[in-house]
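First up is the structure itself, then whatever we jot down about it.
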Number of protein chains: 2
Amino acid sequence: VRHPDVGTTPVTVPDLDTPALVVDLDVLERNLDAMADATAGAGVALRPHAKTHKCPEVARLQQQRGAVGVSVATVGEAEVFCDDGVDDIFVAYPVWASERRGRRMAGLAERCRLTVGVDSPAAADTLGRASRSSAGPLRVLVEVDSGHHRSGVLPDQAAAVATAAARAGLEVAGVFTFPGHGYGPGGAPEAAARDEATALARARDALEAAGIEVTVVSGGSTPTARATIRHPGPVNELRPGVYAFNDAQQLALGSCTPEQVALTAHATVVSAPAPDRLVLDAGSKVLGADRPSWVGGYGCVVEVPGATVTALSEHHAVVSLDPDAPRPGIGARVRVVPNHCCNAVNLVDELVVARGGVEVDRWAVAARGANT
Amino acid sequence: VRHPDVGTTPVTVPDLDTPALVVDLDVLERNLDAMADATAGAGVALRPHAKTHKCPEVARLQQQRGAVGVSVATVGEAEVFCDDGVDDIFVAYPVWASERRGRRMAGLAERCRLTVGVDSPAAADTLGRASRSSAGPLRVLVEVDSGHHRSGVLPDQAAAVATAAARAGLEVAGVFTFPGHGYGPGGAPEAAARDEATALARARDALEAAGIEVTVVSGGSTPTARATIRHPGPVNELRPGVYAFNDAQQLALGSCTPEQVALTAHATVVSAPAPDRLVLDAGSKVLGADRPSWVGGYGCVVEVPGATVTALSEHHAVVSLDPDAPRPGIGARVRVVPNHCCNAVNLVDELVVARGGVEVDRWAVAARGANT
């Protein structure tokens with residue numbers, strides 16, 4: 001990652017206490033445009049995952065570009081976006097409708113079209129109970145495991161879950177998967193996109209063989225989106241999230257270029273106690289502690305070519321350096337590309353929004369910590 | 001980790017949407033009592049690190065037991081605790097006093113005794129500027145590297161920093177270190193405690209040789225505290241933080257027993273799609289993504305003996321199981337001991353406080369996200 005290539009925001013947004021997360025609005029808008037155009041061109045609906053930004057402002061920019069609604073991970077996130085006027089929300093998660101959460105869902109279903117994930121007859125029963133106290137039947141998609149081996153049933157088990165859901169009084173609209181095994185080096189994204197298409201087609205066929213009409217076949221993630229757009233197969237809806245901001249994981253995967261990184265942590269060099277070491281004030285409490293084995297460090301330092309964060313504490317990022325290389329001095333401002341923007345955003349109250357290095361807005365991370 | 005051994009809180013706090021962080025108040029109080037008694041017995045002042053809990057309520061319990069004040073990592077955290085009436089605050093960090101932060105520090109110094117860390121002449125100069133606009137001189141401790149190799153100067157460079165600080169108009173009160181290399185397997189905590197004593201004694205002697213009176217020699221961390229209390233050497237103040245709650249890292253280090261774990265994430269089993277796999281709704285957005293190589297997983301599942309979280313997404317914890325072992329069903333409540341309680345606490349708006357499984361209070365994580 002080299003300085004002139006990341007976004008366009010110069011290193012200083014004046015009078016900003018660090019660490020702070022700064023969004024380059026030009027880059028964000030270009031990222032949103034590109035994904036909207038690509039999915040539209042492929043005839044695939046775009047339902048961006050809002051867990052990445054947790055910001056009503058970003059959801060509005062996505063809807064203005066044709067997104068059919070938002071995906072979220074929790075009922076709490078759904079509440080935030082529904083409050084802001086989003087009228088079509090999918091909780092892409094195997095929701096357990098405890099009594100309290102069931103009441104919250106029934107309340108939401110009166111204000112927007114609410115769809116949730118289901119992957120077991122037991123969860124379908126509790127959702128059915130919540131559905132009976134809501135104005136209309138709750139809508140569900142059956143979650144399918146396409147190779148990530150997290151939640152979701154195997155394709156040949158999808159019909160049994162769908163049948164149980166229908167019997168519980170739910171409206172079964174189709175199937176979804178998260179091809180998370182696309183987060184890996186080499187050809188992982190392309191292979192995962194193929195797995196996604198195969199698994200979703202099988203699950204769709206199984207539901208239809210059981211007499212359930214399938215209208216939604218939902219897939220997608222930022223790493224796999226490009227391959228799926230090229231060959232959508234059965235997929236008629238995509239749910240990428242990270243593409244709005246991008247991050248060091250996506251750089252490592254080749255899913256984005258440095259020019260497409262819209263979010264950076266602005267940090268200050270606070271210590272330089274040895275010739276081969278700098279310490280920045282951006283630690284795990286602003287970058288997040290994510291570090292997959294295939295990413296070389298805890299974030300890329302834009303202003304020090306090739307440098308990554310080699311050790312991370314809550315408020316210290318240790319950057320190892322070639323002792324002979326030029327480096328910023330104590331007090332200098334630098335930018336760090338976080339490994340995983342979704343977890344970084346969830347660590348701050350607000351995002352600083354800049355165009356060409358000039359602060360133009362602050363966006364509250366409204367769904368921050370909306371974990372339930 | 002076995003069920004009956006972690007805290008005393010039964011698995012269900014009624015009517016609680018998961019995931020949620022629950023504090024067992026009995027265990028917390030015992031942990032606070034034990035550290036207060038041990039440090040008092042050794043004649044060492046206790047200045048607990050408040051970054052762990054970020055809660056004025058916990059700081060008050062610590063002060064009631066004789067703590068001399070709090071340690072914090074940021075000026076933002078200092079502001080929160082000062083607002084709650086803490087009158088002696090040490091920012092255990094090499095603070096860079098940018099103009100705005102300098103003004104904030106001058107404001108704080110009028111309301112409490114504020115001490116901050118310094119490890120370079122450059123930072124001392126900016127602190128001196130802030131000090132000149134405050135009511136009295138700012139107080140500093142020189143940070144020494146005792147082997148963790150993060151921030152802090154080597155002991156033989158401490159006098160140069162102290163001299164620069166005094167020349168900048170700061171009140172130099174002594175030296176501090178964080179023996180973070182004690183976070184490791186085997187004898188790492190004991191070895192780090194020895195390194196801490198050696199480095200602090202050398203730095204203290206160097207300052208005194210340069211004509212600077214040293215009143216504070218501050219060390220400590222939860223893993224090293226026990227060894228330092230046994231042989232304080234030069235140390236007259238300790239700054240452990242995690243001991244209040246403990247976590248899976250401390251269990252792995254042997255720094256606490258299961259009975260001393262006061263904080264757990266209450267979670268629900270949301271999916272069980274294969275005989276060897278459970279999925280919980282506690283992901284990296286409530287547990288944090290910390291995972292040192294010497295900890296076997298992303299958190300211990302209390303109700304499934306021996307089980308750890310083997311893969312972690314933002315809202316999914318995947319637990320790998322022996323297919324023949326008994327396990328909780330979908331919808332069951334379980335508790336997870338996070339790897340690093342400081343990062344977990346920073347992910348929630350409030351802590352649920354329980355005694356014997358009955359919710360007795362909720363504490364706002366008031367300094368949540370106070371990163372600057």
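The values are calculated or read from the model by the stated rules, or taken from the named source; none is laboratory data. Keep in mind that what you see is a predicted model, and the values were worked out from it rather than measured. Every residue, glycine as well, gets a Cβ built from its backbone with ideal geometry; the counts of neighbours run over all protein chains shown. Note: accessible area is taken over every heavy atom of the protein model, side chains too, but ligands, DNA and RNA are not part of it. Shrake-Rupley method; radii C 1.70, N 1.55, O 1.52, S 1.80 Å.
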Zero-based 10 Å bins, Cα pair distances in region A:120-261, whole percents: 13, 38, 29, 16, 4
Gyration tensor (alpha-carbon) shape descriptor, region A:239-372, a/c threshold 1.5: prolate
Principal-axis tilt of helix B:25-42 within chain B, Cα atoms, nearest 10 degrees: 30 degrees
Solvent-accessible surface (1.4 angstrom probe) belonging to A:R362, in square angstrom, nearest 10: 90 Å²
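From other protein chains only, count the Cβ atoms within 10 Å of every residue's Cβ in A:15-21, then give the mean.
Values: counts 3, 3, 11, 5, 3, 2, 1.
Average neighbour count from other chains, rounded to a whole number: 4.
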Separation in nanometres of the label points that stand 7 Å from Cα toward Cβ, at A:T215 and B:W294: 5.7 nm
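If B:H53, B:H149 are ordered by their accessible area, calculated over protein heavy atoms with a 1.4 Å probe, which sequence runs from highest to lowest? Mind dumping the intermediate values first?
Working: B:H53 0, B:H149 100 Å².
Heavy-atom accessible area, descending, gives B:H149, B:H53.
So if each residue of separation counts as 0.36 nm, and I subtract the Cα-Cα distance between A:R30 and A:A160, what length gain in nm does that give? Mind dumping the intermediate values first?
On the way: separation 130, 0.36 × 130 = 46.80 nm, distance 4.24 nm.
Gain on extension, A:R30 to A:A160, equals 42.6 nm.
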Cα shape, the protein assembly as shown, gyration tensor, a/c 1.5 rule: prolate
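When only Cα pairs under 8 Å and 6 or more residues apart are kept, what is the percent relative contact order across region B:285-353? Mind showing how you got there, number by number?
Numbers: 94 pairs, mean separation 27.4, N = 69.
About 40 percent, as a whole number.
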A:T310-A:D349 pseudo-label distance in nm [points 7 Å out on the Cα-to-Cβ vector]: 3.6 nm
Average beta carbon contacts from partner chains per residue of A:149-161, 10 Å cutoff: 3
Region B:145-171-region A:249-305 distance, computed between alpha-carbon centres (Å): 27 Å
Between region B:339-366 and region A:321-368, the Cα center-to-center distance that results, in Å: 28 Å
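Kindly provide the chymotrypsin sites (Phe, Trp or Tyr not before Pro) of region B:288-368 that DSSP labels as loop, not H, G, I, E or B, and whose Cβ sees at most 14 other Cβ atoms within 10 Å. Could the numbers behind the result be given before it?
Details: sites: B:W294, B:Y298, B:W363; in loops: B:W294, B:Y298.
Listed in order of number, the matching sites are B:W294.
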Interatomic Cα distance distribution for chain A, bins of 20 angstrom, percent: 30, 53, 16, 1
Residue among B:G107, B:G187, B:G241 with the largest mean-square fluctuation in a Gaussian network model of chain B, springs linking Cα atoms under 10 Å: B:G187
Cβ-placed point charges (K, R +1; D, E -1), dipole of chain B about Cα centre in debye, nearest 20: 640 debye
Computed FRET value (nearest 0.05) for B:D88 with B:V360, which takes r as the C-beta separation and R₀ as 41 Å: 0.90
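For region B:98-162, state which GluC sites (Glu not before Pro) are in a DSSP loop and have at most 14 other beta carbons lying within 10 Å of their beta carbon. If you can, show how the numbers build up before the last one.
Values: sites: B:E99, B:E110, B:E143; in loops: B:E110.
Here the sparse-neighbourhood loop sites are B:E110.
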Signed unit charges on C-beta, dipole axis of the protein assembly as shown, positive-most listed residue A:S120, A:F90, B:P326: A:F90
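Using Cα pairs under 8 angstrom and six or more residues apart, how large is the relative contact order of region B:1-131, in percent?
17 percent
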Angle in degrees between helix A:158-167 and the longest Cα principal axis of chain A, rounded to the nearest 10: 60 degrees
Region B:308-363: equivalent-ellipsoid semi-axes (sqrt of 5 x gyration tensor eigenvalues, Cα, Å): 25, 17, 9
Region B:58-171 shape via C-alpha gyration tensor axes, a/c threshold 1.5: oblate
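In whole percent, what relative contact order does chain A give with Cα contacts below 8 Å and a gap of six or more residues? Numbers along the way, then the final one.
Values: 908 pairs, mean separation 82.2, N = 372.
This gives 22 percent for chain A.
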Ranked by how many other beta carbons lie within 10 Å on average, peptides A:213-222, B:77-86 from highest: A:213-222, B:77-86
Rounded tilt (10° steps) of A:188-209 against the dominant C-alpha axis of chain A: 10 degrees
Where B:D15, A:D324, B:D37, B:D24 fall by accessible area, highest first, once all protein chains stay in place (1.4 Å): A:D324, B:D37, B:D15, B:D24
Potential extension, A:A40-A:E259 segment - 0.36 nm per residue separation minus Cα distance: 76.6 nm
Shielding of B:110-123 by partner chains, average beta-carbon count, 10 Å: 2
